[in-house]
Structure formats: C-alpha cells, structure tokens
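In what follows, a structure is listed as structure tokens, so that the remarks can point back to it.
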Amino acid sequence: MLPITVEFSGGAELLCGNVKKHDVELPKQDTKWQIRNLLVWIKDHIIQERPELFLVGNTVRPGILVLINDADWELMGELDYEIQEKDRIVFISTLHGG
Amino acid sequence: MQFYINTDVVGAKCVKCGAPGVLVTRIHDAFCKSCFQVYVVHKFRSAIGKSKLIRDGEAVLVAFSGGTNSSAMLHLIKDGLSLRAHKKLRFTPTLLHIDETCLLGSESLEWKVKQNQVKNIMLDSGFPSYWTQLEQSVMIQKDHASGMSNKGESAADYERNGTPLLLHYISGKSGMTDLSLVSSSEDAGKLRDLVRSLGNLTAQENFIQNLRNQMLVQAACQLGFSKVLTAENSTHLAIRILSDIAQGRGSQVSLDTGISDERNGEVMFMRPVRELNAKELAMYNTVFGVESVFIPTLSTMTPLASSIERLTESFVTGLQADFPSTVSNIVRTSGKLGLPDIKKSDKCSFCQSPLDTNAKKNSALGAVLFSQQLSKVAQPVDNFQAKKLHTPLTEETNQSSPGAAHDIAFVNLHELKETMCYGCRLSLHAFDGDLSSLPPSITKTASSSIRERQRRQLSGFLLEQDYSVGDDDSIS
C-alpha cells in the first residue's frame, strides 16, 4: 500500500463530490506507481462525474495545474514521475468556472 | 497529444539563482520561490508603471470577486503598499465585491460559507470594502447626464437622479445576515428569469459580463472613483480576444483586452495583471499561501462546448499546453490593433462600446439584416410576436422603478437593438422575455439615444428647409 494525499482546488473539487482533500492508499501493483497510473486511478475511484472535465486523453485537461509536493509537475517529469510514500499531489483548475 | 516532451526541465534549477526550482513558467524557465516572487511583482508593477495612468495618491476601486486572479491581485497590491516593498505603490485602494450567487439560484449553506470567506478576505486586507449584488442591476438607474459628470456626488443627489446602487460597507461587526439584506429575493428571481430568457449560454455569459461592468461603473461613479482595477490574466485575455472575434465583437477587442478601457466615460478600467498568465497567478497563490474562493459560474460543470467562450478556452489552453507561447502571441498581436474612436462615435446602449453598426449596405452586417428581414416576411407567425414586442412600456409595466417610467416610453425591441453594437444585438437575438425585465439602465440609455437620433434627423430636416431647398437626397 502507498499512502498519499490528493487535493483538488480551483473548481476541480466539484468533480469529486466537493471534497478538496483525499487521503488515499494506492493498492500494490507490480510496476512502480507513476502519475500516469494515478490519473487513471483517480478517474476510477475519486472522480464522481464528468471525467472528461478532468482527463483529456491520458493526461489532465489543459488548464489544470499539477503540483507534486508543492512543486510544478513539469520539474518532476510530469506523467513519468514515480510516486513516493506520503506524496502530496495537488490539482488546481485555472479554468473559468472550474 | 503531446508534441514534445520537455525533458530538460526535469529537476531544473532556478534560472536566476540556481536554487531548486518550484515551477516552470515562460517557455521552460524554472524559478525558485523568491525569484518567482520578484518576477511576478515586477510584471505587476511594470504594468502599472508603464501605463502611467494612476496619479500619485489617487484612490482606485478594486473589483474583487474572491477568485484566484483577484485574490492574487489584492495580495500584490497589499504587498506593494506595505513598507517592505522598496518602492511603494502610490494609490489607495477600495475593494468592491459583486455577489453573483443569485444567478445560480441556490441559497444554500455552502454559499453562505463562500460569501463569508470572501468577506473575511476583504476584511483581512484592511482596505475599505463594499459589497453589492448583481441582482440590483434590475432596479438601478443610471443617469449619464448628471451621474457621470459629478464625481463624489452624495447619495441624496443620486436619489433625485434615479435609484442608487445599494453598497454595503463591510466592517468587522456586521454579521453574515446583513449581506443578504441588501436586496430582495424577488430581484434575484427577476434577474434569473431575464438571464434565462436570453436563450443560449454564450449570450448569457456575455450579458452578465456587460452587466457586471456596468455595475462597476455605476458603483465607481457613486463612490467617486475614476479608475477600476480588474484582474484579467493574459490567458483570460487571449480567450477573450478569440471569443470576442467569434461573437462579432471584433471592433471591441482592443478595449476589452488592453491595459486600459476608457469606453465608460469618466470611469476607466485598468488591468494590472494582464501580463501574467493563469498558471503564474495560480502558482503565486499556492506558493505564497494566498487565500482565494472558488466562485462557480453558469458554465461550471457544463460540457466543454457549452458556450463560445468555454469552447475557446479549451482551444487556447489546449494549444498553450503544447506551445507555451500561444497566449502571449495572441495577446501581443491584439495589442497592435488600433483603438476605435471613442469620443466621436455613438455608444452601444448596453456595453458602451463605440457603435460598429453604421456599416455600408454591402457589408456583412447589411447582409445579415437583409436576410433577417426576408425571413420575417416569410413567417406570418411573427406578426404576433412583433405585436408583443411592440407593446410600449407604460407605467404599469415599470412599476418597480417609478422614477424613470416616463423616460422609457415607447422602446421596442427593434428600436432597442438599433442602439446597440453588433455583439450586443447578437446576445439579445434569442431574447424572448418582456422588455420591461431588462435593466432600466439599458432601456433608459436606449430611449435617450433614440430620442437623440430623432432630434438629429429632425434638425437635419429643418436645416434642409432653411438652407438648401430643392436638394432632397439627403433627407432620406
């Protein structure tokens, strides 16, 4: 099990029942957990409605910022970043109306 | 689809000082926290400084919605005014929040919490703060002749010229209940119905945007301010530029997106954060712990193509993800557009932009009008509709605002549209409500501009009689 914190803000929280902070435990898997797997997992387990407003293709919808431990995900390798224990991953929508 | 994968920024150091980076901005420059602050503050201050629009010690009104952008702007202003900043900003801000919760029509606890959050942010800033509600626009009157010219008019003067906008001064003592007392739920319902009667979401968003702007102008006049700061970021402006063009507001692009907007007479809008993009402002808030409140809009949780603006947003942000200079390219290109002549031309009775409708007969507008005329002839049903729309506004239909009832006489939808710019005509295209439900500020401006036009026609006719008998061409 891999405990992490996932947070949504800027309107992205509306997609997951208006809950901003989710403490989750990712199940064990053979390969390392990367952001690309996490996004799919979030879509299946946290997002409650309109997944197309969160995911476009295999990445987040443009306009949603991703922060890994308070740093821009572009600095961490974006989709390829390997998730560590207790990571804090934040999704911030910068889009008008969320 | 990712066009390139930016591997060289992974783990990059700050381009300025070499400390570990926290975010990537511009194309792929990493910044550390403190260099990022310097960068943002510089962009903000240079936008204010370059424009040289704000005089020393001038009082300005800051439009504060509570959202990401205005919260970041408020923080930058506060920072700039504090002693810590080595070159202090020289103006005194007053905050104004326009509460738009009435549009979504829910009076839930969640809203109260959000309103309270906004209120607390305003209180914490330490600046004088006012609160008003968008639904008041259905009752307020604007009097251009007297209202615009006298700055710092007292409330009593306003009472004579029309119903003033109720502005609630926020102080520490006032509780949450005070805020909802400002206007009645009846007005909220009226505004909701009005917005609904506009038909599609594009028109609704457009209408609300203009309504909000007119309300800011009204509030600024009433409080005696001549400048209003709004917090549109460059991403927002790029979206605005493209969606303006798509909605027939091409002539207004430079007013809508430039550093300053002078179409509203003595009240000037300024956009001091227009050089920063959405990511930079959102990151600024996160990195420096700036509190902001998410304000849902009509387009929240709707499909990606629910309105032209929303579709344009997906387009621009989608391009921006792969080509990071998209936004700045669009904004810079529009910056090269010339301004329309604000002083000489007639104004739209709603958005106050210079009218773009005196085009020649063989223009696109001419063609649109011609085909509209043709389709009206073909539809006998329209007679009924026309009858309904031509019902003059009488005292009865306008009881809510008795002060101006006699001023609004005989405005019908067709005449009203004549006084509007092409974009505003389009947003009223599907309007099927009662004319009296439109904000009195619009109908009043429209009727006075109709009268002005008639007067001009008439005086032209009289001159013709006096000086050039026999030259009949110019009369028609």
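Here, each number is a calculation from the coordinates, and none is a lab measurement. Just so you know, these numbers come straight off a predicted model, no measurement behind them. Cβ coordinates were reconstructed from backbone atoms using ideal geometry, including for glycine residues, and neighbour counts include every protein chain displayed.
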Worksheet item: R0 = 60 Å: FRET efficiency of B:LYS112 with B:LEU369, Cβ-based, nearest 0.05?
Response: 0.80
Practice prompt. Provide B:CYS17, B:CYS348, B:CYS35 in ascending order of the number of other Cβ atoms located within 10 Å of each residue's Cβ, fewest first.
Written response: B:CYS17, B:CYS35, B:CYS348
Worksheet entry | Three semi-axes of the equivalent ellipsoid, chain A, Cα gyration tensor, whole Å, largest first | 20, 15, 13
Item to complete: Take B:THR333, project a point 7 Å from its Cα along the Cβ direction, then tell me which residues of the stretch B:299-315 have their backbone nitrogen under 20 Å from it.
Response: B:308-315
Item to complete: For each of A:ASP44, B:ASP432, count neighbouring Cβ atoms within 10 Å of the residue's Cβ, then give the residues from fewest to most.
Response: A:ASP44, B:ASP432
Worksheet item: Which order, highest average first, do B:228-241, B:188-201 follow once you tally other Cβ atoms within 10 Å for each residue and take the mean per peptide?
Response: B:228-241, B:188-201
Response to the item:
Here, A:ASP30 and A:LYS86, labelled 7 Å along Cα→Cβ, have an inter-label distance in nm of 3.1
Worksheet item: Under a plain spin-label model, where a point goes 7 Å from the Cα along Cα-to-Cβ, how far apart in nm are B:LYS52 and B:SER260?
Response: 1.0
Worksheet entry | Subset of B:LYS190/B:LYS417; B:LYS361/B:LYS417; B:LYS13/B:LYS336; A:LYS20/B:LYS279; B:LYS190/B:LYS347; B:LYS13/B:LYS119 violating a 28 Å alpha-carbon distance limit | B:LYS13/B:LYS336; B:LYS13/B:LYS119
Worksheet entry | Where only alpha carbons of the stretch B:184-231 are counted, the Rg and the Dmax (Å) | 13.2, 36
Discussion item. I'd like the distance separating the alpha-carbon centroids of the stretch A:34-98 and the stretch B:50-128, in whole Å.
Written reply: 30
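Report the local net charge at A:THR59: Lys and Arg +1, Asp and Glu -1, summed over other residues whose C-beta lies under 9 Å from its C-beta.
For residues surrounding A:THR59, the net value is +1.
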Item to complete: Output the pairs from A:LYS43/B:LYS33; A:LYS43/B:LYS112; B:LYS43/B:LYS78; B:LYS344/B:LYS376 with a Cα-Cα distance over 23 Å in this structure; if there are none, say none.
Response: A:LYS43/B:LYS33; A:LYS43/B:LYS112; B:LYS344/B:LYS376
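Counting other C-beta atoms within 10 Å, which of B:MET420, B:MET73, A:MET1 has the fewest, and how do the rest follow?
Working: B:MET420 24, B:MET73 27, A:MET1 8.
Fewest-to-most Cβ neighbours within 10 Å comes out as A:MET1, B:MET420, B:MET73.
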Worksheet item: How far is it, in nm, from the label point at A:LEU55 to the one at A:VAL40 when both lie 7 Å from their Cα along the line to the Cβ?
Response: 0.8
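Near A:LYS20, within a Cβ-to-Cβ distance under 14 Å, what is the net charge of the other residues, with Lys and Arg +1 and Asp and Glu -1? Each step should come with its number before you reach the end.
Numbers: positive: A:LYS21, A:ARG88, B:LYS114; negative: A:GLU7, A:GLU13, A:ASP23, B:GLU110, B:GLU291.
Summing Lys and Arg as +1 and Asp and Glu as -1 gives -2.
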